[in-house]
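No lab work stands behind these numbers, since they all come straight from the coordinates. Just so you know, these numbers come straight off a predicted model, no measurement behind them. A quick note on method: Cβ atoms are made from the backbone with ideal geometry, for glycine too, and the neighbour counts reach across all protein chains shown.
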Amino acid sequence: MDHITPEQLSTLRRQDPAPLVIDVRREAVYVVAPDRIAGAMRRDPEAVAAWGPALPRDTPVVVYCVHGHQVSQNAAAALRAQGLQARFLEGGLEAWRATGGAIEARSGEPR
């Protein structure tokens, strides 16, 4: 399975170990966005080959973009090709918000 629903992610985030959630929205979109999924880390989707190898191999990874289309799907596929347990968030950040998923402000982050 290469995707995960917002509801499934919400359930998994309450388990131990929780999946690593990575925001892979394109830079132009990310820098103007006011928020992100709570606890998510940000990584450049164009540089998966550089940052993917540093991720823990024993922790599931969920990547997301705005709508869960090409950007996050490609990032998840690239991470799986590196041997990681990676999936993309179906519907992306928009679906996460629509289901009441935890969001945090990006205030204070360098832009």
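Side notes on the structure shown:
- Label-point separation, GLN82 to THR11 (7 Å along Cα→Cβ), nm: 2.8
- Cα shape, the chain, gyration tensor, a/c 1.5 rule: rounded
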